[in-house]
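Each remark here refers to the structure printed beneath this line.
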Amino acid sequence: MELTISGTTKTFPDDLSVTELLEAEQVATPQYVTVSINEELVDQGSFDSRKLASGDKVEFLYFMGGGTRELY
Amino acid sequence: MSFTDSQLERYSRNIILKEVGVRGQKKLLAGRVLIIGAGGLGAPAAMYLAAAGVGTIGLADADVVDLSNLQRQIIHATSDVGAPKVISAKETIEALNPEVTVNTLQGLVTSENIMTLIEGYDFVIDGTDNFPAKFLINDACVIGAKAFSHAGIIRFQGQLITYIPGQGPCYRCLFPSPPPPDAVPTCRQAGVIGAMAGVIGSLQAMEAIKYLCGIGTPLTSNLLTYNALTMEFRKIKVAKRSTCQVCGHNPTIVKPLDYEIAACDLKSKPA
């Protein structure tokens with residue numbers, strides 16, 4: 001299936017959960033990332049169960065502080 | 001209120017804009033903006049707001065100027081090293097535009113003082129560098145029905161979003177809770193280019209000016225992200241989270257709360 005991740009469309013295997021997508025995209029700190037699917041924010045607790053569908057537009061939102069400390 | 005000749009000259013490039021005009025300039029002169037954090041983001045924001053003629057600028061910061069700040073915190077000068085940031089910033093603003101009234105709080109913003117602090121202002125700019133402060137500002141502005149601009153920067157990336165009561169998500173919709181203070185990477189030193197703070201802090205000033213003048217479209221319901229290396233700006237559309245603890249259907253946070261500050265960020269004592 002095709003997913004648009006941060007504006008770029010790529011091909012992924014079917015039946016992918018949010019957790020699996022975070023792994024596939026090598027998101028360094030999945031425990032601190034916010035995920036939106038088609039402009040809707042996904043609850044962290046449902047990352048394992050929420051499956052992606054072909055055509056979904058996914059965005060990753062990251063914590064950003066004041067620039068002088070690493071967070072992720 | 002009519003303008004003096006020197007005001008007409010000083011603000012001529014604002015007034016000549018049809019979106020601003022005399023009406024907008026009067027709104028700026030009557031406007032009150034609170035900037036929490038007089039550092040990388042707060043410095044350019046404060047200077048552009050002062051230059052634009054925003055009548056009252058509040059500054060809150062507990063820190064003193066450090067030599068390592070000067071690479072990005074352009075409101076402070078070498079001679080200010082060791083001086084409280086709010087005093088140094090106030091002097092720069094007064095030199096730039098003596099018409100601006102500057103209120104200062106040299107101390108930490110906490111759950112105890114934030115509601116009183118934000119009360120007298122039209123717009124709040126989050127220029128802080130730590131997550132407890134960012135969540136505190138968000139919650140207080142949601143509870144106090146106050147418009148504010150959130151921003152964050154790291155390395156070559158920055159982001160911002162504007163919250164206006166009743167319009168779109170708050171910061172806590174995007175991030176339900178701060179990272180724990182003992183999160184291992186939290187205290188690792190990171191770098192940032194000063195111009196990055198300049199870009200994002202200036203965008204925060206722009207949002208405040210638009211809000212005060214009542215022009216354009218505010219950056220609500222969209223997180224603007226900026227990658228300096230690829231020179232990409234992206235607007236990520238985000239909806240409110242109905243389960244948000246502070247602005248959702250059943251809020252559980254009804255007054256501001258303090259999160260534990262990571263030990264590495266505890267460089268200042270309350271005033």
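For this structure, a couple of remarks:
Conditions (1) facing chain A (nearest Cβ under 9 Å); (2) within 21 Å of residue B:121 (Cα to Cα), marked per residue:
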| position | (1), (2) |
| --- | --- |
| B:147 | no, yes |
| B:158 | yes, no |
| B:167 | no, yes |
| B:175 | yes, no |
| B:180 | no, no |
| B:190 | yes, no |
| B:199 | no, no |
| B:206 | no, yes |
| B:211 | no, yes |
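- Sole exception among (1) in contact with a strand residue (DSSP E or B) (Cβ under 7 Å, 6 or more places away or on another chain); (2) of a type in the set (Ser, Thr, Tyr); (3) buried (at least 22 other Cβ atoms within 10 Å of the Cβ) for residue B:11, by number: (1)
- Residue within region B:74-82 that is loosely packed, with under 15 Cβ neighbours inside 10 Å, of a type in the set (Gly, Ala, Ser), assigned to a loop (DSSP other than H, G, I, E, B) and out of contact with any Pro (no Cβ under 8 Å at 6 or more places or on another chain) present: yes
The rows are residues; the columns are (1) over 20 Å from residue B:220 (Cα atoms); (2) within 14 Å of chain A (Cβ to nearest Cβ); (3) assigned to a helix (DSSP H, G or I); (4) of a type in the set (A, V, I, L, M).
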| residue | (1), (2), (3), (4) |
| --- | --- |
| B:86 | yes, no, yes, yes |
| B:116 | yes, no, yes, no |
| B:121 | no, no, no, no |
| B:129 | yes, yes, no, no |
| B:135 | no, yes, yes, no |
| B:153 | no, yes, no, yes |
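- If only residues of region B:245-260 that are of a type in the set (A, V, I, L, M) and out of contact with any Lys or Arg (no Cβ under 6 Å at 6 or more places or on another chain) are counted, the one that is farthest from residue B:168 (Cα to Cα) is B:257.
- From the options B:88, B:111, residue that is of a type outside the set (A, V, I, L, M, F, W, C) and crowded, with 22+ Cβ neighbours inside 10 Å: B:88
- Top-ranked residue in region B:28-77 [being in contact with a strand residue (DSSP E or B) (Cβ under 8 Å, 6 or more places away or on another chain) and of a type in the set (Asp, Glu); ranked as farthest from residue B:128 (Cα to Cα)]: B:63
- Lone unmet requirement of (1) touching a residue at least 24 places away in the same chain (Cβ under 8 Å); (2) assigned to a loop (DSSP other than H, G, I, E, B); (3) not hydroxyl-bearing (Ser, Thr, Tyr) for residue B:145: (1)
- Those strands (runs of 3 or more DSSP E) lying entirely in chain A with at least 3 residues farther than 23 Å from residue B:153 by Cβ and more than 9 Å from every other protein chain (Cβ to nearest Cβ): A:2-5, A:8-11
Here, each number is a calculation from the coordinates, and none is a lab measurement. As the structure is a prediction and not an experimental result, all values here were calculated from the model. All Cβ positions, glycine included, derive from the backbone under ideal geometry; neighbour counts span all protein chains shown.
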